[in-house]
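Working notes for the structure below.
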Amino acid sequence: MEILIVLLLLGIGALVLIVVALAAYFVMTQRKLVSLDELCKNAMSQIAVQLNSRWDAVQGLVKMTAQYAKHESETLQNVIAQRRISNVTTAAQVNEQQGALSEVLGRLIAVSESYPELKANGVFLETMEGMKQYEENVRMSRMVYNDTATKMNRMVRQWPSSMVAGMLHFDEKEYLTVDEEKKKGYPDIDDAFKKN
């Protein structure tokens, strides 16, 4: 009888330990998922900040073109007003903003080719040079986002953390990609302004 009670207590103790271990794993996994989710949101926010900085620089360039090509400047300002998204929260919106910026930059380069005095303007050249830094900042922010999304996606897809992710409704994050066809159409800022 005593052995039976001891075995029962050992069984209950083992069951309690298993439940405590599972609860601890669940809590740790939930915290890790929340942390990665927040890091993804932060990275996306950094991309939005960098995209807005690029839009601001492009807006300045467009205003500068008004002195040389008023109609083209008005058209580009309308494109900027229609295409600029104030709060970028998804990979699709980032890709849309990239495409819109490339379109406007391509048109700006075409205008500068038509007006050599604009192309030679020091402020215009300096702003275009600053665009390289914005490009680099966006590139780095995109890398940080994709790295964080990879970690998140592993947690969401790998067992046993996938069970916790499913119960708590954590989903895979979409990666930021560059469409190779669009990439071919991106204007080469360096080449466009070396032809002085």
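Structural remarks
- Surrounding net charge for Gln158, when Lys and Arg each add one and Asp and Glu each subtract one, Cβ distance under 15 Å: +3
- Nonlocal amide H pairs with Asn121, under 5 Å, H built at 1.01 Å: none
- Estimated translational diffusion coefficient (Stokes-Einstein, Kirkwood radius over Cα pairs, 37 °C, 0.692 mPa s) of segment 73-138: 249 µm² per second.
- Element breakdown for segment 1-141 at a 1.4 angstrom probe: carbon and sulfur atoms account for 62% of the accessible area.
- Each 10 Å bin from 0 upward holds the following percent of the Cα-Cα pairs of segment 1-41: 27, 26, 19, 14, 9, 3.
- Mean accessible surface per residue for the chain, computed with a 1.4 Å probe while every protein chain stays in place, in Å²: 61
- Rg over Rh for the chain works out to 1.31, both radii taken from alpha-carbon positions and Rh defined as the Kirkwood radius.
The values are calculated or read from the model by the stated rules, or taken from the named source; none is laboratory data. Every value quoted in this text rests on a predicted model; they were computed, and no experiment measured them. Reconstructed Cβ throughout: ideal geometry from the backbone, glycine too, with neighbour counts over all protein chains shown. Note: areas computed on protein heavy atoms with side chains; ligands, DNA, RNA excluded. Shrake-Rupley method; radii C 1.70, N 1.55, O 1.52, S 1.80 Å.
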